[in-house]
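S.K.: One structure follows; several queries about it will come next.
The values are calculated or read from the model by the stated rules, or taken from the named source; none is laboratory data. Source: prediction; values computed, not measured. Ideal geometry is used to build each Cβ from the backbone, glycine not excepted, and the neighbour counts take in all protein chains shown.
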Number of protein chains: 2
Amino acid sequence: MLSVEQARAQILSAIKATGPETVALANAAGRVLATPVMARLTQPPADLSAMDGYAIRAADGVEKAILSIIGTAPAGHPFAGHVSAGQAVRLFTGSVIPNGADTVIIQENVTRQNDTITVNEAAGAAKNIRRAGQDFATGDVLIPAGKLLTARDIGLAAAGNHPWVTVHRRPKIAILATGDEISLPGEAIAAGGIVSSNAHMLAAFVTAAGGEPVVLPIARDDITAIADGADAARGADMLVTTGGASVGDHDLVQPALQARGLSLDFWKIAMRPGKPLMFGNLGEMPVLGLPGNPVSAFVCALLFLQPAIAALGGLPGTAPTTETARLGAALKPNDQREDYVRAHLHRDSDGWVATPFGMQDSGMLRTLANAGALIKRPAFDAARGTGVAVEIIRLGALGI
Amino acid sequence: MLSVEQARAQILSAIKATGPETVALANAAGRVLATPVMARLTQPPADLSAMDGYAIRAADGVEKAILSIIGTAPAGHPFAGHVSAGQAVRLFTGSVIPNGADTVIIQENVTRQNDTITVNEAAGAAKNIRRAGQDFATGDVLIPAGKLLTARDIGLAAAGNHPWVTVHRRPKIAILATGDEISLPGEAIAAGGIVSSNAHMLAAFVTAAGGEPVVLPIARDDITAIADGADAARGADMLVTTGGASVGDHDLVQPALQARGLSLDFWKIAMRPGKPLMFGNLGEMPVLGLPGNPVSAFVCALLFLQPAIAALGGLPGTAPTTETARLGAALKPNDQREDYVRAHLHRDSDGWVATPFGMQDSGMLRTLANAGALIKRPAFDAARGTGVAVEIIRLGALGI
């Protein structure tokens, strides 16, 4: 059996980032930049006032000096003339510093009377001026390729005069749930059957990870039905199946996809919950076969699908970030499988406390939905007592 | 001047959550539940097998016992008969436990020959069975109102047989940028003018915070133009303006909105960057007036707009979560204003290290976009040396 780390590395080595597309800047937040954004102008474009006040010559800005106001220059309306000795121009935040002036005295430090100001506090040289190019200059790389665009980046690209940006295409992830026992919510449920939770859980997961989900119709436990589902996934950047990936008589995903040309890379991982997990390629399309149990499917999605979507989308694919917590209850020794233990999470004055749920059955979706964290336990981890530090994946922080 | 905390409390006290709407479960991730999701069925619906194996009577599951296979029951195809002494039914993960059987012996622990199995390892009582209702029972509250729906919640609502859920309407936030000096990216730029970065930065911010942005056309520095912008915001849950919120001769947002009936709540906060900030109501619509400088606008959005959108959307509105970091460079004493210092952030073996940028000018959007964190400094904070612990807001973790 492969380790989680080995399996993730194999998956990531099989993945290429999607190609570029041009999108309106207004739609680019959360996308991954494919082409650097270079400044198309210098910012500020000229020396600008950082305050409301008066542009003067610093030599005039001495206490009790009386200066005559020769004009007003709101932001966006530069003063066309020249400021000479004994003169001042009224400015506002963002106004261009007029020729001849070399400092800005703030309005709180003068007394105005009609068209003159009296200086109450010395101005100082070169005060309250934002210099041309202080933020960036034409040609500067404002945002490098490969960056996940934040709201701040959108503002920066706008300031650099870009109405459009080039980003990686959102990876399209086809999701194929299989099984005779599952129905969609609101549809008829067979005797002994259950409602399918995986397909739409994974669709929401894919969206949160930056992908575009395509939920395929449920495939019955039938070689042809599953193979038809794989056909319906053509054009997707990845096919994700759930259920039927083991070797039971009724686990038909492998033979069905092999009939369509699947080249199988691996299908067993030393982890709990989550065995078995299948990975391979159908032509150029990577295929990830997740377990049918919703808890196992979610944990495998977190460990393998999230990094795969990141890599497809142009980001580095990495293991989920872990943090440290103290155990709120003891854990028995672990066996040969890496274990992801569902836990309640709370914070006390010393940091996070993770308390494993008593029942860890991989069918228990409610327990998973209520879990604040997964405790990550290495294979063969010794028994751990209450209060001991453990590694956790904080699910709340991931928005999934 | 108000403190940041007082201003946030005043804003939140003026806000009511949006009403409910019914959405398809597939579109509900990231929305806030308005009506609890109750289980419409019991899960599992019956005792189910947790493994691939054979349903038998535990009394028969002794070493070397030979049992006859009387049927096969794949998941979704329950066995209609009864398991008597000496008999076994082939099961798979998710199969219903047939009548008469009281344990499942896993396939690895038997040897099958035609229609019999030989027990190689004692079965034990009540093994490998998921009990009916182990996850939840009809009528259980699966997800309480007020919860931000995760991918796991979507799976849980599906499992509870809900094709639709009732969520709070996404708060519609109208954004009105004002100023004679600003243009949209790609449009003509006036002499001394700059490209508007606030409107689309804030639109992306609103989306990330769970709101629905409406970007209004830029309003020139003209009372009528700004008042017309406010008219265009009717029907929104909140109006956010940027620029023109001070008291300079060209700061026209207050008089323009007052002409339309704005009841002004406050307009000065003891913080940096960010003064002035305006808050009030136009009829039933809250109005938040942000500063025009993009850095100030962003910091005010983080401290006031994000909690306001959360509260409009049915969540508790709270201050941004802070974490602890060590200073990577010294800070001078602070004045009477709470300060949000842009900083580079990196992690070493002892945790986060926040290094304040040398220039903190509120016009420098590139510095903001590159900041990993804001260091939050209380008013009158003493000088702090390198290595001292400070409170930070980790911007990367917020996805903005």
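S.K.: State yes or no: is B:Ala55 at the interface with another protein chain (Cβ under 10 Å from one of its Cβ atoms), in contact with a Gly (Cβ under 9 Å, 6 or more places away or on another chain) and within 30 Å of A:Pro276 (Cα to Cα)? Give the derivation first.
M.R.: Numbers: at the interface with another protein chain (Cβ under 10 Å from one of its Cβ atoms): no; in contact with a Gly (Cβ under 9 Å, 6 or more places away or on another chain): yes; within 30 Å of A:Pro276 (Cα to Cα): yes.
No: the conditions fail for B:Ala55.
S.K.: Output the number of residues of the stretch A:120-137 satisfying the condition of being within 21 Å of B:Val195 (Cα to Cα) and in contact with a helix residue (DSSP H, G or I) (Cβ under 7 Å, 6 or more places away or on another chain).
M.R.: Result for the stretch A:120-137: 2.
S.K.: A further question follows. Taking the stretch B:349-360 as the search range and keeping residues that are surrounded by fewer than 18 Cβ atoms within 10 Å (Cβ to Cβ) and in contact (Cβ under 8 Å) with a residue 24 or more places away in the chain, which one is nearest to B:Met1 (Cα to Cα)?
M.R.: This residue is B:Gln360.
S.K.: Can I ask one more? B:Pro333 fails exactly one of the following numbered conditions: (1) part of a loop (DSSP other than H, G, I, E, B); (2) at pLDDT 95 or above; (3) under 30 Å from B:Ala259 (Cα atoms). What is the number of that condition?
M.R.: That leaves (3) as the condition not met.
S.K.: With the structure loaded, tell me whether B:Phe92 is under 15 Å from A:Ala191 (Cα atoms) and of a type in the set (Phe, Trp, Tyr) or whether it fails that test.
M.R.: So B:Phe92 fails the test.
S.K.: Same structure, new question: Can you confirm whether A:Gly372 is within 14 Å of chain B (Cβ to nearest Cβ), within 27 Å of A:Gly211 (Cβ to Cβ), without any contact (Cβ under 8 Å) to a residue 60 or more places away in the chain and not hydrophobic (A, V, I, L, M, F, W, C)? Write out each step before concluding.
M.R.: Values: within 14 Å of chain B (Cβ to nearest Cβ): yes; within 27 Å of A:Gly211 (Cβ to Cβ): yes; without any contact (Cβ under 8 Å) to a residue 60 or more places away in the chain: yes; not hydrophobic (A, V, I, L, M, F, W, C): yes.
Judged against the criteria, A:Gly372 is a match.
S.K.: I've got another one for you. Within the stretch B:152-172, take every residue that is touching a Gly at 6+ places or on another chain (Cβ under 9 Å) and more than 9 Å from chain A (Cβ to nearest Cβ) and give me the one that is farthest from A:Gly186 (Cα to Cα).
M.R.: Ranking the candidates gives B:Lys172 first.
The rows are residues; the columns are (1) surrounded by fewer than 23 Cβ atoms within 10 Å (Cβ to Cβ); (2) over 30 Å from A:Gly396 (Cβ atoms); (3) modelled with pLDDT of 95 or more.
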position	(1), (2), (3)
A:Asn198	no, no, yes
A:Ala209	no, no, yes
A:Pro217	yes, yes, yes
A:Asp228	yes, yes, yes
A:Gly244	no, yes, no
A:Asp249	yes, yes, no
A:Gln254	yes, yes, no
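S.K.: From the residues in the stretch A:63-100 that are more than 14 Å from chain B (Cβ to nearest Cβ) and buried (at least 23 other Cβ atoms within 10 Å of the Cβ), which one is nearest to B:Ser296 (Cα to Cα)?
M.R.: Filtering first and then ranking leaves A:Ala88.
S.K.: Answer with yes or no whether A:Ala85 is among the aliphatic types (A, V, I, L, M) and either modelled with pLDDT under 95 or under 36 Å from the mean Cα position of the chain (by Cα) (or both).
M.R.: No, not satisfied.
S.K.: A further question on this structure: For the structure I just gave you, tell me whether B:Ala46 is part of a loop (DSSP other than H, G, I, E, B), of a type outside the set (Asp, Glu), surrounded by 20 or more Cβ atoms within 10 Å (Cβ to Cβ) and within 12 Å of chain A (Cβ to nearest Cβ).
M.R.: For B:Ala46, the condition - part of a loop (DSSP other than H, G, I, E, B), of a type outside the set (Asp, Glu), surrounded by 20 or more Cβ atoms within 10 Å (Cβ to Cβ) and within 12 Å of chain A (Cβ to nearest Cβ) - is not met.
S.K.: While we're here: Within the bounds of the stretch A:14-24, is there any residue that is in a loop (DSSP other than H, G, I, E, B), buried (at least 18 other Cβ atoms within 10 Å of the Cβ) and within 14 Å of chain B (Cβ to nearest Cβ)?
M.R.: No: the stretch A:14-24 contains no residue that is in a loop (DSSP other than H, G, I, E, B), buried (at least 18 other Cβ atoms within 10 Å of the Cβ) and within 14 Å of chain B (Cβ to nearest Cβ).
S.K.: Follow-up. Any residue at all in the stretch B:354-362 that is among the small types (Gly, Ala, Ser) and within 14 Å of chain A (Cβ to nearest Cβ)?
M.R.: Yes - at least one qualifying residue is present in the stretch B:354-362.
S.K.: Testing B:Ile194 on (1) at pLDDT below 95; (2) surrounded by fewer than 24 Cβ atoms within 10 Å (Cβ to Cβ), one condition comes back false. Which one is that?
M.R.: If we test B:Ile194 against (1) at pLDDT below 95; (2) surrounded by fewer than 24 Cβ atoms within 10 Å (Cβ to Cβ), just (2) comes out false.
S.K.: May I ask you to say which residue of B:Thr355, B:Thr321, B:Thr386 is modelled with pLDDT of 95 or more, assigned to a loop (DSSP other than H, G, I, E, B) and of a type outside the set (Gly, Ala, Ser)?
M.R.: On the way: B:Thr355 fails: assigned to a loop (DSSP other than H, G, I, E, B); B:Thr321 fails: modelled with pLDDT of 95 or more.
Only one candidate qualifies: B:Thr386.
S.K.: Give B:Ala65, B:Ala58, B:Ala28 a once-over and let me know the one that is without any contact (Cβ under 8 Å) to a residue 60 or more places away in the chain and over 30 Å from B:Arg377 (Cα atoms). Steps first, answer last, please.
M.R.: Numbers: B:Ala58 fails: without any contact (Cβ under 8 Å) to a residue 60 or more places away in the chain; B:Ala28 fails: without any contact (Cβ under 8 Å) to a residue 60 or more places away in the chain.
On inspection, the qualifying residue turns out to be B:Ala65.
S.K.: I want to confirm something. Restricting to the stretch A:281-310 and keeping residues that are away from every other protein chain (no Cβ under 12 Å) and part of a helix (DSSP H, G or I), which single residue is surrounded by the most Cβ atoms within 10 Å (Cβ to Cβ)?
M.R.: Going residue by residue through the stretch A:281-310, those that are away from every other protein chain (no Cβ under 12 Å) are A:281-290, A:300, A:303-304, A:307-310.
If we keep only those that are part of a helix (DSSP H, G or I) as well, we get A:300, A:303-304, A:307-310.
Numbers: A:Cys300: 29, A:Leu303: 25, A:Phe304: 26, A:Pro307: 22, A:Ala308: 26, A:Ile309: 27, A:Ala310: 22.
Out of the qualifying residues, it is A:Cys300.
S.K.: Quickly run through the stretch A:311-348 and pick out the residues that are surrounded by fewer than 21 Cβ atoms within 10 Å (Cβ to Cβ) and among the hydroxyl-bearing types (Ser, Thr, Tyr).
M.R.: Selection gives A:Thr318, A:Thr321, A:Thr322, A:Thr324.
S.K.: Scan the stretch A:173-185 residue by residue and report those that are crowded, with 21+ Cβ neighbours inside 10 Å, more than 7 Å from chain B (Cβ to nearest Cβ) and over 27 Å from A:Gly399 (Cβ atoms).
M.R.: Hit for the stretch A:173-185 is A:Thr178, nothing else.
S.K.: Could you please give the count of residues in the stretch A:38-58 that are farther than 19 Å from B:Gly363 by Cα and not assigned by TED's automatic domain parsing to the domain that holds A:Ala88?
M.R.: The qualifying residues number 0.
S.K.: Something else now. Of all residues in the stretch A:134-151, count the ones that are polar (S, T, N, Q) and either facing another protein chain (nearest Cβ under 10 Å) or surrounded by 18 or more Cβ atoms within 10 Å (Cβ to Cβ) (or both).
M.R.: The total comes to 2.
S.K.: Continuing with this model, one more query. When you go through A:Pro217, A:Pro213 one by one, which is the residue that is touching a residue at least 12 places away in the same chain (Cβ under 8 Å), within 14 Å of another protein chain (Cβ to nearest Cβ) and part of a loop (DSSP other than H, G, I, E, B)? Walk me through it before giving the result.
M.R.: Values: A:Pro213 fails: part of a loop (DSSP other than H, G, I, E, B).
After applying the criteria, what remains is A:Pro217.
S.K.: State which residue pairs qualify: first residue more than 10 Å from B:His162 (Cα to Cα) and inside the stretch A:185-198, second residue among the charged types (D, E, K, R) in any location, beta carbons under 7 Å apart, and separation of 6 or more residues or different chains.
M.R.: Cβ pairs passing all conditions: A:Ala190/A:Glu181; A:Gly192/A:Glu181; A:Gly193/A:Glu181; A:Ile194/A:Glu181.
S.K.: List every residue pair whose Cβ atoms sit under 8 Å apart, with the two residues 6 or more apart in sequence or on different chains, where the first one lies in the stretch A:263-274 and is assigned to a loop (DSSP other than H, G, I, E, B) and the second, anywhere, is crowded, with 16+ Cβ neighbours inside 10 Å and of a type in the set (Lys, Arg).
M.R.: From residues that are assigned to a loop (DSSP other than H, G, I, E, B), the pairs are A:Lys268/A:Lys275; A:Ala270/A:Arg337.
S.K.: Please verify whether A:Leu176 is assigned to a strand (DSSP E or B) and in the same structural domain as A:Thr35 (by TED's automatic domain parsing), treating the condition exactly as stated.
M.R.: Spelling it out, it is not the case that A:Leu176 is assigned to a strand (DSSP E or B) and in the same structural domain as A:Thr35 (by TED's automatic domain parsing).
S.K.: Related question: Looking at the stretch B:247-257, is at least one residue away from chain A (no Cβ under 14 Å) and part of a loop (DSSP other than H, G, I, E, B)?
M.R.: no
S.K.: Additional query: Which condition number in (1) at pLDDT below 95; (2) surrounded by fewer than 16 Cβ atoms within 10 Å (Cβ to Cβ) is the one that A:Ala9 fails?
M.R.: With respect to (1) at pLDDT below 95; (2) surrounded by fewer than 16 Cβ atoms within 10 Å (Cβ to Cβ), A:Ala9 is out only on (1).
S.K.: Can you tell me which residue is farthest from the other protein chains (Cβ to nearest Cβ) among those in the stretch A:186-210 that are part of a loop (DSSP other than H, G, I, E, B) and within 30 Å of B:Ala208 (Cα to Cα)?
M.R.: This residue is A:Gly210.
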